[in-house]
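S.K.: One structure, pasted below without further comment.
The values are calculated or read from the model by the stated rules, or taken from the named source; none is laboratory data. As the structure is a prediction and not an experimental result, all values here were calculated from the model. As a convention, Cβ positions derive from the backbone with ideal geometry for all residues, glycine included, and neighbour counts pool all protein chains shown.
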Amino acid sequence: MSKIQVKELTKIFGPNPQKALQLLQDGAGKDKILSETGMTVGVDRASFEVNEGEFFVIMGLSGSGKSTLIRLINRLIEPTAGEVLIDGENTLAMDKKALMTVRRKKLGMVFQRFALFPHRTILQNVEYGLEIQGVPKGEREEKARQAIESVGLNGYEEQKPHQLSGGMQQRVGLARALANETDILLMDEAFSALDPLIRKEMQDELLTLQEKLHKTVLFITHDLDEALKLGDRIAIMKAGKIVQIGSPEEILTEPANEYVSTFVKDVDRSKVLLASQVMKKPDVVALWKDGARVAIRKMVEKEISSIFVVDKEQRLKGLLTVEAALDAIREKRWGEEILIQDFSTASPDTPLHELIGIATTTKYPIAVVEDGKLKGIIVRVSILSGLTLGKKEE
């Protein structure tokens, strides 16, 4: 279900935006409108939807319109044209009172520059949104303390912002948004002012929180690596326009144009691709119920020296070598103790970079397992293909 729907959203900065809007609709580009009218197209007819619980990233370089776009969604900047629907309600048709209610109840905002009150304690900063909503003091303090705990700042409640590092201050900004218990988080370049190490920690923290809270997140960044790491889907902007929307894998393997191709050409694919995207179905598996002789016949047919063994529900029981199978026939025994358990496994969402070292040293394929069931295998060539080509071309 869509939490946010954006339809033909447009912003033109200048004294006569309707004139420039007509030129835009007639096919004139951003540069031509600027030269002919002196007006600037900030956002050019952007359309997209963000689903409930989705982490949606809008990515673009400076001047692409991404920060303007997020401010149009909560009407910190008034749009020139288009629609923004939050839970099906058009915010552009709301009066100031209704819009304020939506902002307080449904939209939490985390800014790049923290926007903390220097004279307030951390607890007072976090509870501020609840305070202006008229939430009783005891209740708002309890919610603020829970939010502070969720971002790992227990013990800092009575500190002032200047006593905290940049990363900790950004955690306060995030806690303030969480304390309001809104369904939607709008995050504008939230981590771009942080040092690289702290930035990575905040990204990991946000992903951990998202697993627990399942917020709908609209996240703005100029960093493609950050977009690929965080986003369920990514919208890439250029000159006010959205030029592609897709999953991280789609952005990497199916760039819509040369502009996107240039962005992704230097990306470390191993940090983006997952085990599920490079695994393959095993050529053959052995069913436990069929015994050693059938397993040997399958290995001979495929010219392999080991085979994964599963039960009839495809639950992985272990790995059988041809030597162990021959011993089992000679000794007339067929027990699970003959199966090797000392092989590497991964879940479907294991990042590829975590498997590269394993793949270079293991003598057996990596088993991709979900809920105990064998979903696929990864061999060295799968990883090399994923790194150089991507799943689509492989």
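For every residue, the table says whether it meets (1) buried (at least 24 other Cβ atoms within 10 Å of the Cβ); (2) assigned to a loop (DSSP other than H, G, I, E, B).
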{"position": "GLY129", "(1), (2)": "no, no"}
{"position": "GLU141", "(1), (2)": "no, no"}
{"position": "GLU149", "(1), (2)": "no, no"}
{"position": "GLY155", "(1), (2)": "no, yes"}
{"position": "GLU181", "(1), (2)": "no, yes"}
{"position": "LEU185", "(1), (2)": "yes, no"}
{"position": "GLN210", "(1), (2)": "no, no"}
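S.K.: Considering only segment 98-116, state which residues are outside any helix (DSSP H, G or I) and modelled with pLDDT under 90.
M.R.: Of everything in segment 98-116, those that are outside any helix (DSSP H, G or I) and modelled with pLDDT under 90 turn out to be GLY108, MET109, VAL110, PHE111, GLN112, ARG113, PHE114, ALA115, LEU116.
S.K.: Please state which of the following conditions VAL217 fails to meet, knowing it meets all the rest: (1) closer than 14 Å to GLY60 by Cα; (2) part of a strand (DSSP E or B).
M.R.: (1) is the only condition that VAL217 fails.
S.K.: Continuing with the same structure: Can you tell me which condition ASP327 does not meet? The list is (1) part of a helix (DSSP H, G or I); (2) charged (D, E, K, R); (3) modelled with pLDDT under 90, and all the others hold.
M.R.: Failed condition: (3).
S.K.: Of the residues SER261, SER270, which is over 24 Å from ASP44 (Cα atoms), polar (S, T, N, Q) and either assigned to a helix (DSSP H, G or I) or at pLDDT 95 or above (or both)?
M.R.: Sole residue among the options that is over 24 Å from ASP44 (Cα atoms), polar (S, T, N, Q) and either assigned to a helix (DSSP H, G or I) or at pLDDT 95 or above (or both): SER270.
S.K.: In the list LYS298, LYS212, which residue meets the criterion of being basic (Lys, Arg) and either within 30 Å of GLY29 (Cβ to Cβ) or more than 21 Å from the chain's Cα centre (by Cα) (or both)?
M.R.: LYS298
S.K.: Can you name the residue in segment 330-356 that is aliphatic (A, V, I, L, M) and assigned to a loop (DSSP other than H, G, I, E, B) and, of all such residues, is farthest from LYS317 (Cα to Cα)?
M.R.: Looking at residues that are aliphatic (A, V, I, L, M) and assigned to a loop (DSSP other than H, G, I, E, B), I get LEU355.
S.K.: Based on what the data block shows, is ALA235 crowded, with 18+ Cβ neighbours inside 10 Å, among the small types (Gly, Ala, Ser) and assigned to a helix (DSSP H, G or I)?
M.R.: Taking the combined requirement at face value, the residue does not satisfy it.
S.K.: Examine segment 299-316 for a residue that is basic (Lys, Arg) and either surrounded by 15 or more Cβ atoms within 10 Å (Cβ to Cβ) or modelled with pLDDT under 90 (or both), and state whether such a residue exists.
M.R.: No.
S.K.: Shifting gears a bit: Could you pull out every one of the helices (runs of 4 or more DSSP H) wholly within segment 1-97 that has 2 or more residues that are surrounded by fewer than 16 Cβ atoms within 10 Å (Cβ to Cβ)?
M.R.: 17-25, 30-37
S.K.: Only one of (1) touching a helix residue (DSSP H, G or I) at 6+ places or on another chain (Cβ under 7 Å); (2) of a type outside the set (S, T, N, Q); (3) buried (at least 18 other Cβ atoms within 10 Å of the Cβ) is not met by ARG171, so which one is it?
M.R.: (1)
S.K.: Give me the residue from segment 302-321 that is part of a strand (DSSP E or B), without any contact (Cβ under 8 Å) to a residue 40 or more places away in the chain and of a type in the set (A, V, I, L, M, F, W, C) and, out of that set, farthest from GLU336 (Cα to Cα).
M.R.: Among those residues, the one meeting the criterion is ILE307.
S.K.: Do we have any residue at all in segment 352-365 that's surrounded by 18 or more Cβ atoms within 10 Å (Cβ to Cβ) and either among the β-branched types (Val, Ile, Thr) or in contact with an Asp or Glu (Cβ under 8 Å, 6 or more places away or on another chain) (or both)?
M.R.: no
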